[in-house]
Amino acid sequence: MRIIIAKDYDELSKRAADMMASQIRVEGHTVLGLATGSTPVGAYKELIRQYEEDGLDFSDVDTFNLDEYYGLSPDHPESYRYFMNEKLLKHVNIDMDRTHVPNGLAEDPETECLKYDQLIEELGGIDFQLLGMGNNGHIGFNEPNECFVANTNLVNLSEETIEANSRFFNSAAEVPRQAITMGFGAIMRADKLLFVVSGKKKAKVVAAALQGNITPKIPASILQLHKDVIVILDEDAASELK
Ligand code: GLP
């Protein structure tokens, strides 16, 4: 695990975008794993800038998002499909048919989950996965649990996550109670992981995840077992590291 400490959010975003961009430039065809939340937004802005000004070419990129709220349609402004389109996808030359987000309206979520994992497999797995982290250490929507779940699955969101994500909705009551999330199988099989965390509020859980015991109670702690993970923290998020 390589840990980079950026001085602030802007530097974190620039470094994260540069790593994603160089993956695309060097490999050409790339299966990119994408994340939502506010943390990656700065990196997505920089990727759009590199597309517009430096010719970064997304024409041979496939994307898989980590998760989607269950019950939200793709055109709901808080759905993760909508978020991804707005924050990155519609601003670059990517083929929208090659961008994947779990279907939050799937009538049969179990089949949707199976299909999502199969599609990732069919495309040869994820080459480069971007990850953020929730306040309770969750990755995607893999909440603190008794075990690490391997497959894409339908999860119940924790009260803490509903509360944290209520800032994007009119009230906590509007936050969906369930989500479909990629499991740790596809994440841990990705060739490269880029884990980005910003802000003092997450400093304690960052230290626990990166330097504490590996436990499903702190889902991000599993990243310690990955063979090629780069962590970018800003100084605030790194402030509790030993
Ligand atoms: C959501 C997403 C996660 C993301 C987390 C952190 O819960 N499902 O993938 O990492 O938010 O969000 P933020 O970066 O806004 O703190």
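The values are calculated or read from the model by the stated rules, or taken from the named source; none is laboratory data. Not measured: the values here are computed from a predicted model. With ideal geometry, Cβ positions are generated from the backbone for all residues, glycine too; neighbour counts draw on all protein chains shown. Remember, those area values only see protein heavy atoms, side chains included, never the ligands or the DNA or RNA. Shrake-Rupley method; radii C 1.70, N 1.55, O 1.52, S 1.80 Å.
Just a few scattered comments:
- Residue under evaluation Phe64, criteria (1) within 30 Å of Ala106 (Cα to Cα); (2) part of a strand (DSSP E or B); (3) more than 16 Å from the ligand (Cβ to nearest atom), criterion not met: (3)
- Scanning segment 184-204 for residues that are within 10 Å of the ligand (Cβ to nearest atom) and either within 18 Å of Arg81 (Cα to Cα) or not in a helix (DSSP H, G or I) (or both) yields a total of 5.
- Yes/no for Ala164 being modelled with pLDDT of 95 or more and within 15 Å of the ligand (Cβ to nearest atom): no
- Qualifying residue in segment 17-32 (condition: among the charged types (D, E, K, R) and free of Cβ contacts under 8 Å to residues at least 60 places away in the same chain): yes
- Members of segment 96-112 found to be without any contact (Cβ under 8 Å) to a residue 60 or more places away in the chain, touching a Ser or Thr at 6+ places or on another chain (Cβ under 9 Å), more than 16 Å from the ligand (Cβ to nearest atom) and not aliphatic (A, V, I, L, M), listed by number: Arg98, Thr99
- Of the residues making up segment 187-231, those that are within 19 Å of Leu154 (Cα to Cα) and open to solvent by less than 10 Å² (accessible area, probe 1.4 Å) number 3.
- Within segment 42-61, the set of residues being open to solvent by 30 Å² or more (accessible area, probe 1.4 Å) and within 16 Å of the ligand (Cβ to nearest atom) comprises just one member, Lys45.
- Remark: pairs (first residue in segment 138-151, under 18 Å from Val101 (Cα atoms); second residue open to solvent by less than 50 Å² (accessible area, probe 1.4 Å) and in a loop (DSSP other than H, G, I, E, B); Cβ separation under 7 Å; 6+ apart in sequence or on different chains) = Ile139/Met133; Gly140/Leu66; Gly140/Met182; Phe141/Leu157; Asn142/Val149; Asn142/Gly183; Ala150/Gly183; Asn151/Gly183.
- Scanning segment 152-161 for residues that are in contact with a Cys (Cβ under 8 Å, 6 or more places away or on another chain) and either within 10 Å of the ligand (Cβ to nearest atom) or in contact (Cβ under 8 Å) with a residue 60 or more places away in the chain (or both) yields one hit, Leu154.
- Only listed residue being among the charged types (D, E, K, R) and in contact (Cβ under 8 Å) with a residue 24 or more places away in the chain, chosen from Lys90, Lys115, Lys192: Lys192
- Test: Asp62 is touching a Phe, Trp or Tyr at 6+ places or on another chain (Cβ under 9 Å), under 23 Å from Gly125 (Cβ atoms) and in contact (Cβ under 8 Å) with a residue 24 or more places away in the chain: no
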